[in-house]
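Undergrad: Below you'll find the structure I mean.
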Amino acid sequence: MVKDRCRAEQLADMIVQKINVTGVEVAVRRDHAYGWAPTVVSAPADPIGFQRRADDIAHVLRTRFELA
């Protein structure tokens with residue numbers, strides 16, 4: 001299966017849109033095990049909970065996108 005290539009900023013924006021909470025900021029970094037991984041930089045409350053949600057969303061997005 002061919003994956004679309006996206007910049008880190010695009011992947012981060014996709015994750016933020018899916019979380020859909022004002023004040024959540026996500027950064028995407030290259031990861032040797034998964035190809036790329038999200039990190040919640042800021043959140044209005046419960047950053048660990050938002051990180052778990054971002055990880056779940058990234059798990060789904062990794063099937064369609066790779067980091068450019």
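Derivation of every value follows stated rules applied to the coordinates shown; laboratory data play no part. Nothing here was measured: the structure is a model prediction, and the numbers come from that model. So basically every Cβ, Gly included, is an ideal-geometry build from the backbone, and we count neighbours across all protein chains shown.
Undergrad: Report, to the nearest 10°, how far helix 47-61 tilts away from the longest principal axis of the Cα atoms in the chain, using its own Cα long axis and a range of 0 to 90°.
TA: Roughly 20 degrees, rounded to the nearest 10.
Undergrad: First select every other residue whose beta carbon is under 14 angstrom from the beta carbon of A27; then total the charges, Lys and Arg +1, Asp and Glu -1. Could you put the intermediate results ahead of the total?
TA: Numbers: positive: R7, R29, R30; negative: E9, D13, E25, D31, D55.
Neighbourhood net charge equals -2.
Undergrad: Given an 8 Å cut-off on Cα distances and at least 6 residues of separation, report the relative contact order of the chain as a percent. The partial results should precede the final answer.
TA: Details: 93 pairs, mean separation 26.6, N = 68.
Computed over the chain, the figure is 39 percent.
Undergrad: Just add up the charged neighbours of M1: K/R +1, D/E -1, any other residue whose Cβ is under 14 Å from the Cβ of M1.
TA: On the way: positive: K3, R5, R62, R64; negative: D4, E66.
Counting the neighbours of M1, the net charge comes to +2.
Undergrad: If you don't mind, another one. Report the net charge of residues surrounding P44, where surrounding means a beta-carbon distance below 14 angstrom and charges are Lys +1, Arg +1, Asp -1, Glu -1.
TA: Neighbourhood net charge equals -1.
Undergrad: In degrees from 0 to 90, rounded to the nearest 10, what is the angle of the helix 8-19 Cα long axis to the longest principal axis of the chain?
TA: 50
Undergrad: From zero up to wherever the largest Cα-Cα distance of the chain sits, split into 10 Å bins and tell me the percent of pairs in each.
TA: Distribution as computed: 22, 57, 19, 2 percent.
Undergrad: Still on this structure, I have one more. For segment 4-67, what is the charge dipole size about the Cα centre, in debye to the nearest 20, if Lys and Arg each add +1 at the Cβ and Asp and Glu each add -1 at the Cβ?
TA: Numbers: 9 positive and 9 negative charges, 29 e Å.
It comes to approximately 140 debye.
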